[in-house]
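Trainee: There's a structure below that I have some questions on.
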Amino acid sequence: VRPPLDATSVLGPGRVAHRRLHDGALAVAGPEPGGEVVRIAGTGPALWRALDGQRPLGEVAHELAVRHRADPTVVLADVCTTAQRYLDLGVAELVPPGGATAP
Amino acid sequence: VTAVVDDLDFDTAPGEQPAAGVDDRVDGALAAVAALGLGPTLVGGALDLTGDHPVAAPAGGWEPLLARIVAEGLSGLFLDAADRGLVALGDDARRELVRRHEAVLVRALRHEAELFRLAPVLEDAGAVVLKGPGLAHGVYAHAEQRPFTDLDVLVDADHVRATVRALERLGYERPWPDPTPRYLELVAKAVCLGHPAGLTVDLHRTLVPGPLAERIPTGDILGRRTTVTAGRLVIPVPAWEDHLLECALHGAVGHGFQRPLALRDVAQILLAAPVDHTRVVRTAEQWGAAWMLALTLDHLVARFAVALPAELADWRRAFRPTDDEAHLAEACLGTERSARLRMAELREGSWRRRLELARSLAAPSVAFLRHTYGSGSVPALYAARWRELGGRRPSRTRPSAPASSSARAGHGTGAAW
């Protein structure tokens with residue numbers, strides 16, 4: 001069981017293929033053929049692109065909060081929830097402390 | 001001779017017949033769409049994209065044209081044109097195009113994601129991925145502009161059978177048995193494998209069918225390979241000079257210049273990749289493909305208004321095909337080109353390949369005959385085969401080995417891009 005994500009968690013892109021849409025992105029995780037097609041919409045693509053395997057979620061949330069003039073605490077909670085969903089779907093991966101995203 | 005086992009990968013849509021001649025083959029409207037963003041001349045058929053105002057729906061509405069645009073893999077380019085105000089699609093037509101485009105993208109994504117799983121197989125075989133994902137991420141402005149419906153993988157003939165086995169271990173299946181023991185290594189341009197999840201891998205041992213293939217050293221292409229990166233995916237691809245020629249041959253031999261996207265691929269490599277033009281010409285001459293390259297350049301200029309790099313333009317002006325090249329081009333580009341190519345395959349090139357091909361035609365394996373003609377005694381199956389070779393259609397319970405990848409592997413994908 002993974003501990004819940006928090007401001008110190010670092011996520012990187014998963015092993016996915018993805019394409020831009022006019023209102024978001026489509027992604028398919030790679031490990032198994034015929035994997036689920038994930039539609040990322042709304043503010044989702046901005047968060048997903050920000051998961052670079054380097055910056056912790058707190059920093060990403062702060063940047064989004066400034067951009068959208070929103071409450072940083074609320075944004076961080078939303079970011080952690082959405083990032084968890086990305087992990088579950090395989091379109092993002094957790095980077096261990098001090099590590100980098102596996103190639 | 002047309003009614004034989006045919007592993008030629010023409011990717012021709014069912015019912016599609018090549019038109020006569022070379023210069024009038026590309027549908028004008030589709031060519032205009034395929035040329036979007038390349039040059040100033042964008043007029044084709046009912047579609048005039050040159051004006052200052054957005055183009056209105058052609059007579060008959062958008063639907064017939066949109067269907068063809070999607071079928072030809074041009075939906076991404078066309079949507080970009082609509083977004084840039086070149087085309088007045090209207091809300092309903094745009095919504096419908098977006099819906100179809102997303103379906104096209106999902107198909108490409110599923111295949112691209114599969115490359116993560118195939119990476120060790122490709123690495124072991126020293127393989128490269130042709131066209132699709134390498135072009136989408138390597139030379140197109142946006143990967144969405146270059147969809148694809150299968151994965152074309154090139155391996156050396158020595159690795160083709162081991163690679164087939166490796167793919168079978170991953171769940172891929174071959175649609176029919178080999179007609180002869182060395183058919184894969186000596187005759188087939190490619191073997192098509194399908195996965196129950198709806199994925200298709202076209203495993204090539206060479207770029208073109210027939211005698212021209214014997215002059216194309218697959219090992220050299222693999223030895224010069226490079227990579228294209230898409231996120232965490234690293235795609236092994238041919239060197240851009242080789243990839244340009246592969247796309248030119250695909251457009252010429254595979255599609256007789258009828259497929260606008262194939263021409264766009266060549267233009268896109270020419271304009272966006274770091275291409276050594278001298279090496280392109282030298283390699284084309286080595287492969288015996290110089291005339292195909294020259295004809296491709298002619299089409300790019302005539303149809304897409306591409307301004308050729310000076311070096312290539314000078315070479316094209318001076319180039320004259322040899323008799324052999326002209327003969328082969330005639331076989332590849334004329335009407336009934338499948339039959340002509342097959343005849344060229346039987347007449348020219350190495351004895352080993354020709355014997356294997358002749359054996360596959362006249363005396364294929366019983367397993368192949370049963371797959372092709374259904375149950376029956378062995379003499380009856382051979383009789384059916386020979387009747388078919390003689391031009392008479394045999395009665396059979398199953399379709400013959402399909403001539404196009406669209407029907408192969410039972411996935412009914414339509415024309416592959």
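A short reminder: the numbers here are calculations on the coordinates, not readings from a lab. Keep in mind the model is a prediction, meaning the values are calculated, not measured. In this analysis, Cβ positions are derived from the backbone assuming ideal geometry, glycine residues included, and neighbour counts consider all displayed protein chains.
Trainee: Just counting partner chain Cβ atoms within 10 Å, what average do the residues of peptide B:194-202 show around their Cβ?
Mentor: Working: counts 0, 2, 2, 4, 2, 2, 0, 0, 0.
Mean partner shielding for this stretch: 1.
Trainee: Also, quick follow-up: With labels modelled as points extended 7 Å from the Cα through the Cβ direction, what inter-label distance (nm, one decimal) is found for A:Arg85 paired with B:Ala197?
Mentor: Each label point is offset 7 Å from its Cα along the Cβ direction, giving 2.3 nm.
Trainee: How far is it, in nm, from the label point at B:Glu330 to the one at B:Ser377 when both lie 7 Å from their Cα along the line to the Cβ?
Mentor: Each label point lies 7 Å from its Cα, and together they span 4.6 nm.
Trainee: Now, a different point. Just rank A:Cys80, B:Cys192, fewest to most, by other beta-carbon atoms within 10 angstrom. Please report the intermediate quantities before stating the final value.
Mentor: On the way: A:Cys80 18, B:Cys192 26.
Fewest to most other Cβ atoms nearby, the residues stand as A:Cys80, B:Cys192.
Trainee: Calculate the spin-label point distance for B:Thr229 paired with B:Thr278, positioning each point 7 Å from the Cα along the beta-carbon direction, and give it in nanometres.
Mentor: Those two pseudo-labels are separated by 3.0 nm.
Trainee: Please report the net charge: other residues with Cβ closer than 9 Å to the Cβ of B:Glu345, K and R +1, D and E -1.
Mentor: Counting the neighbours of B:Glu345, the net charge comes to +3.
Trainee: Counting only other chains, and only Cβ atoms inside 10 Å, what mean value do you get across the residues of B:99-110?
Mentor: Working: counts 0, 0, 3, 6, 0, 1, 9, 5, 0, 4, 12, 7.
Per-residue shielding by partner chains comes out at 4.
Trainee: If the label point is 7 Å along Cα→Cβ of B:Ala88, which residues in the range B:53-79 have backbone nitrogen under 11 Å from it?
Mentor: Only B:53-58 pass the distance filter.
Trainee: Using the count of nearby Cβ atoms within 10 Å as a rough guide to exposure, how do A:Asp78, A:Asp88, B:Asp276, B:Asp323 rank from fewest to most?
Mentor: Details: A:Asp78 17, A:Asp88 10, B:Asp276 13, B:Asp323 7.
Ascending Cβ contact count within 10 Å gives the list B:Asp323, A:Asp88, B:Asp276, A:Asp78.
Trainee: Continuing with this model, one more query. Want the number for B:Arg317 to B:Trp386: 0.36 nm per residue separation, take away the alpha-carbon distance, what's left?
Mentor: Working: separation 69, 0.36 × 69 = 24.84 nm, distance 4.77 nm.
Separation in residues times 0.36 nm, less the Cα-Cα distance, equals 20.1 nm.
Trainee: Tell me, how many Å apart are the Cα centres for the range A:70-91 and for the range B:214-234?
Mentor: Their Cα centres are 39 Å away from one another.
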